[in-house]
1. What is the fewest-to-most order of PHE212, PHE112, PHE160 by other Cβ atoms lying within 10 Å of their Cβ?
2. Expressed in nm², what is the orientationally averaged projection area of the convex hull enclosing the Cα positions of the range 213-382?
3. Mind sorting VAL8, VAL172, VAL348 by how few other Cβ atoms lie within 10 Å of their own Cβ, fewest first?
4. Rounded to the nearest Å, what's the spacing between the alpha carbon centres of the range 68-96 and the range 266-299? Just the number, please.
5. 7 Å from Cα along Cα→Cβ at both ASN358 and ASP105: what's the point-to-point distance in nm?
6. Using Cα positions and a limit of under 19 Å, work out the lysines in reach of LYS99, with same-chain residues fewer than 8 apart set aside.
7. My understanding is that a pair violates if its Cα-Cα distance is over 20 Å; which of LYS226/LYS303; LYS165/LYS220; LYS226/LYS335; LYS283/LYS335 do that in this structure?
8. Given just the C-alpha atoms of the range 291-354, how large is their convex hull per residue in cubic angstrom?
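Bear in mind these aren't lab numbers, they're just calculated from the coordinates by the rules spelled out. Since this is a predicted model, take the numbers as computed values, not measurements. Quick reminder, even Gly has a Cβ in these numbers, built from the backbone with ideal geometry, and neighbours come from all protein chains shown.
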Amino acid sequence: MSQSRYKVESRPIIDLARDVKSGRLILSPYFQRELVWRDVHKREFIDTILRGFPFPLIFVSRGKIDVERMQATSLLVDGQQRLSTIMEFLNDEIDIAGKKFSEWDIDIRESFLKYEVPVIDLDFPEDDPRIKEVFRRLNRTLYSLTEIERLGMEYAASDFMLTAKLLARQLVRQSGAGRNSNIGQVDNDEEFSDLGYEDRSANVDPNIPPEFWQWTSTLKIVNTHKLLLDSSVFSSYEISRQVHLMFSLNLLATIIDGGFYSRNERVREYLEDFSNAMPDRNKIIERIEFCCGLITRANFSTKSYWKTKANTFSLIICLYRNIERAKGIPPALIKERLEAFSVAIPSVYQLAAKEAVNRKRERTLRHSYLEKIVIEGCAPDSLQLEV
């Protein structure tokens, strides 16, 4: 077992900020989690620096060397929230005690820029799997990864995970919080049009098979992304926590399973079973895109009862499992039927869409009702279903 090579040093904030702005230090490489700090956390952290108090080490790993420009890049392994907050403060995007960075006295600004940050430099190339392992271990000991973040690390190269990331628009790691690509191709310039000063290659996992990228270049996924990311189904905070990625994994697992299960019970099983190739993925993606298109064209209001995660999940599955019949139902009629149903929703459905929504029984009950209402066009007051 070979030991990792690293060195410990301290670097002033002014040097780190210069490297970030020049693209020599990548804040959001492909393995990083989304930014989740809220303003109160950011202000408390900046106040820590202004008072001269210490904060934990940040970890940096070696990235690519650009031979033409004779410039090396480094990847931030741990400390993204901290450095991103520092950059926001320097760019006058947040204030402390009502004052932005440019408004503080010059001696305070100089002191802030001279603040020494403890840094561990890891001597790993950017495609070295040890980077992810270090990231995983740091996050296990310093602060907890969510279930989806753990799965994302453990099954990063699984075809099942990559297909779910395609649906959730998570294949390319963007440089800003809440910003996502809307296509799958890596070699399309539009993919990186808003990445700012960051090096493009660092935002893409180098371990993703080339054939997967070739497959994504044949796809056009618009409706699914619009429904999951550009509507009100998921909040920006939920997207930052990758809740929509777990949603996509369960959507795929439920489609393949053919039945219903509780919570995320089938996800890990399919991540392992379809690590190399997910069956019928072309047909599945095409049908999900069609179903999401019906829902988006139904044009439900932002505060609609049908713009919840549980109802959206059930509606997609309902349309998918009845796709031939769904093709003959105009989106306006889908909206009309569902809005009529929402006027006097049975208490049993209300409960199944509000509490314990991810249990097998509740998923099955919602599906049964939606098939009757949306597909069969039954009158809401005529339904007496027991599941």
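1. On the way: PHE212 17, PHE112 20, PHE160 26.
In increasing order of surrounding Cβ atoms, one gets PHE212, PHE112, PHE160.
2. Values: hull surface 39.9 nm².
Result: 10.0 nm².
3. Numbers: VAL8 9, VAL172 22, VAL348 17.
Starting with the residue having the fewest Cβ neighbours, the order is VAL8, VAL348, VAL172.
4. Measuring centre to centre over Cα atoms gives 36 Å.
5. Here the modelled spin labels are 5.2 nm apart.
6. Within the straight-line limit of under 19 Å, LYS99 reaches these lysines: LYS42.
7. In this structure, LYS283/LYS335 exceed 20 Å between Cα atoms.
8. On the way: hull volume 5.4 nm³, N = 64.
Per residue, the Cα convex hull of the range 291-354 comes to 85 Å³.
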